[in-house]
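The values are calculated or read from the model by the stated rules, or taken from the named source; none is laboratory data. Keep in mind that this is a model prediction, so the values were computed, not measured. Every residue, glycine among them, receives a Cβ derived from its backbone with ideal geometry; neighbour counts consider all protein chains shown.
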Amino acid sequence: MIKDAKLELSLYGDFDCRWSDGRRITITGAKHRALIGMLAVATNGVHSRRWIQEHLWDRSGAELGRQSLRRSLSDLRKVLGAGFETIIEANNLELRLLLENITLTSQPKDGIFLTGLKIDEPKYVSWLKDRRSALLARNLLLDSDTRLAVSPCVAILPFASVGSNAEENHFGDLVAMDVARALSRSRFLDVISHLSSRQLAGPLLDLGKLKSRLNADYAIGGNVRVVDGQYRLDVDFFQTSTGRILWTEEFHGPVTDILNGDCELVARIARQCGQEVLRASVEIARSAPLPQVAAHALFMTSITGMHQHQLASFARSRDTLEELISRLPGHSKLHAWLAKWYILSIAQGWSIDVPKDSQIAADCTARALDLNPDCATSLTIDGMIQGDRSEDMSLALSRFQSAIEIDPNQGLAWLMYSRLNSFQGKGSSAVEFAVKAKRLSPLDPHGYFYDVMASLAHLVDGDFDTAKTLVEKSLKANPRHTSSYRVLAIAQMLSGDGDKARATVGTLRQLEPNLTVQSYLSSHPAGHLPIGADWAQALADAGLPSN
């Protein structure tokens, strides 16, 4: 083999594999070909050994499946020779196709993906069907002008001067720009750029242009007056389709507060607008059958229901998401949010089949990443799943790092990055990332989760008082979140407050009667790490039964 030769791979139409120096590679086994194809289209070229076994050798059982995978890798090593090490990286937990050394030589227009590779394994058949559907949806999207935006779109107009005061105009423009920046950090809203919104500003607002030219569903506007260094700001938040004002409020204060970077005014406006979008969306969704409700209203309604703590509302949110997916099957973020629905179902104790729901969640994120491997939301939620399903945190870590690289404002990715640092005993880094995550997610209805993860970070950092304060705040927002009780009991026990820790474990056992120290260690993502053993001991000292 010529030094530095790469593997040229065709996955559409007839499978073909050769070195870039022209020499053909003969791979006859259908499962050998499928294995390479699965890795080639996986995010970062990585799948766990367990995932591969379940999709190609599930009928053989776990032990024979492991043996079959080992034999297949041995066969590929013989076929590829010295080039195997430059193409496939294998360890005890996962397989990685080194994509930097791979060139894909065919495209979807050249034929059906993995055509002719018929393998009698239900999970493979299902995966292949989903993969081909995802490719079809993506190609239809690329060939059309279909707008896949499902998040409500908001325009922030410069606040108009009451008179002709230049200072007022500059001040109103500055506040609008800061509000746009604050809202743009939300994962739930699409915010029109400030420069685009400015083009439609003026004394007479044309709602038709605001809707048609900017495609905005909602807008923020109003006027400002500055007198003797004090501002009066009148803020209106309204629907562009009807002109209906959903919220209005007057703010007062010294101009210097805004000029010096005091963002409390901006934060209040952003929070209120986010809440009004949620309320309006729920109202719209309740007033008409689901098929007649606008996509952005369905999306916000599903997010709202998903983060409520009543089972009926939570269950309806899945119906809403599935209605959206039926309309927009090519939208990766929707599949990722459906995965999160299953994650929350497990966390809230509402799942009646945890292994099944965990697998459905993993399948949803796999489909999301098939549709868009660069979707930061999908990468983050898949990282959450991978981190909980494997003792090896490296794949989860790479998902969060990729998400942050794509979108540095992805608050949930920073939060889960904080969680991994907590598991590794890196308290100061965990606190830093948790604080950053909270700052980037001011409108997230999942706030209780941010608080408990921040509590965990402070716990690892040795700040037990802050840890207890944060987790108690989390429990007020969501009293069913059992992991919050575990964090609280551990913090109480490690800070010397054994009586309260035992009371907390008593409450925890009412919600999770089958929980034991042993089940905690076997199910917790950090159960195999030293810090997990320390936490388990604290729970045991607080009265949790050993088995």
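See the values below:
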{"item": "Matching residues, segment 375-392, being acidic (Asp, Glu) and either under 13 Å from residue 339 (Cβ atoms) or under 12 Å from the mean Cα position of the chain (by Cα) (or both)", "result": "382, 388"}
{"item": "Members of segment 238-278 found to be under 26 Å from the mean Cα position of the chain (by Cα) and of a type in the set (Asp, Glu), listed by number", "result": "276"}
{"item": "Flag if residue 396 is farther than 21 Å from residue 188 by Cα and of a type in the set (Gly, Ala, Ser)", "result": "yes"}
{"item": "Scan of segment 231-245 for residues that are loosely packed, with under 13 Cβ neighbours inside 10 Å and in a strand (DSSP E or B), ordered by number", "result": "245"}
{"item": "Of all residues in segment 416-431 being under 16 Å from residue 467 (Cβ atoms) and out of contact with any helix residue (DSSP H, G or I) (no Cβ under 6 Å at 6 or more places or on another chain), the one that is surrounded by the most Cβ atoms within 10 Å (Cβ to Cβ)", "result": "423"}
{"item": "Selection within segment 493-518 - without any contact (Cβ under 8 Å) to a residue 12 or more places away in the chain and either assigned to a helix (DSSP H, G or I) or surrounded by 17 or more Cβ atoms within 10 Å (Cβ to Cβ) (or both)", "result": "497, 499, 500, 503, 510"}
{"item": "Of all residues making up segment 372-395, the number that are of a type in the set (Gly, Ala, Ser) and part of a loop (DSSP other than H, G, I, E, B)", "result": "1"}
{"item": "Which listed residue, of 509, 502, 439, is within 30 Å of residue 185 (Cα to Cα) and out of contact with any helix residue (DSSP H, G or I) (no Cβ under 7 Å at 6 or more places or on another chain)", "result": "439"}
{"item": "Among the residues listed as 248, 301, the single one being of a type in the set (Val, Ile, Thr), in a strand (DSSP E or B) and modelled with pLDDT of 80 or more", "result": "248"}
{"item": "Only one of 441, 455, 398 that is of a type in the set (Ser, Thr, Tyr), surrounded by fewer than 24 Cβ atoms within 10 Å (Cβ to Cβ) and touching a Ser or Thr at 6+ places or on another chain (Cβ under 8 Å)", "result": "441"}
{"item": "Count of segment 267-289 residues which are crowded, with 16+ Cβ neighbours inside 10 Å and farther than 27 Å from residue 234 by Cβ", "result": "1"}
{"item": "Selected residue (criterion: modelled with the lowest pLDDT) from residues of segment 329-359 that are among the small types (Gly, Ala, Ser), surrounded by fewer than 19 Cβ atoms within 10 Å (Cβ to Cβ) and part of a loop (DSSP other than H, G, I, E, B)", "result": "349"}
{"item": "Criterion: surrounded by 15 or more Cβ atoms within 10 Å (Cβ to Cβ), part of a helix (DSSP H, G or I), modelled with pLDDT under 90 and not assigned by TED's automatic domain parsing to the domain that holds residue 476 - qualifying residue of 313, 326", "result": "313"}
{"item": "Candidates 429, 418, 398 - the one that is assigned to a helix (DSSP H, G or I) and touching a residue at least 60 places away in the same chain (Cβ under 8 Å)", "result": "398"}
{"item": "Count - residues of segment 401-415 that are free of Cβ contacts under 8 Å to residues at least 40 places away in the same chain, in a helix (DSSP H, G or I) and surrounded by fewer than 24 Cβ atoms within 10 Å (Cβ to Cβ)", "result": "4"}
{"item": "Filtered residue count, segment 473-492, keeping only those that are in a helix (DSSP H, G or I), in contact with a helix residue (DSSP H, G or I) (Cβ under 6 Å, 6 or more places away or on another chain) and touching a residue at least 40 places away in the same chain (Cβ under 8 Å)", "result": "4"}
{"item": "Close pairs from segment 458-472: first part of a helix (DSSP H, G or I), partner of a type in the set (S, T, N, Q), Cβ under 7 Å, at least 6 apart", "result": "458/466; 460/422; 464/495; 467/455; 468/492; 470/455; 471/455; 471/484"}
{"item": "Residues that are of a type in the set (A, V, I, L, M) and either crowded, with 16+ Cβ neighbours inside 10 Å or part of a loop (DSSP other than H, G, I, E, B) (or both), drawn from segment 532-547", "result": "536, 538, 539, 540, 542, 544"}
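Residue by residue, here is whether (1) more than 24 Å from residue 310 (Cβ to Cβ); (2) among the aromatic types (Phe, Trp, Tyr); (3) modelled with pLDDT under 95 holds:
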site: 469; (1), (2), (3): yes, no, no
site: 474; (1), (2), (3): no, no, yes
site: 490; (1), (2), (3): yes, no, no
site: 547; (1), (2), (3): yes, no, yes
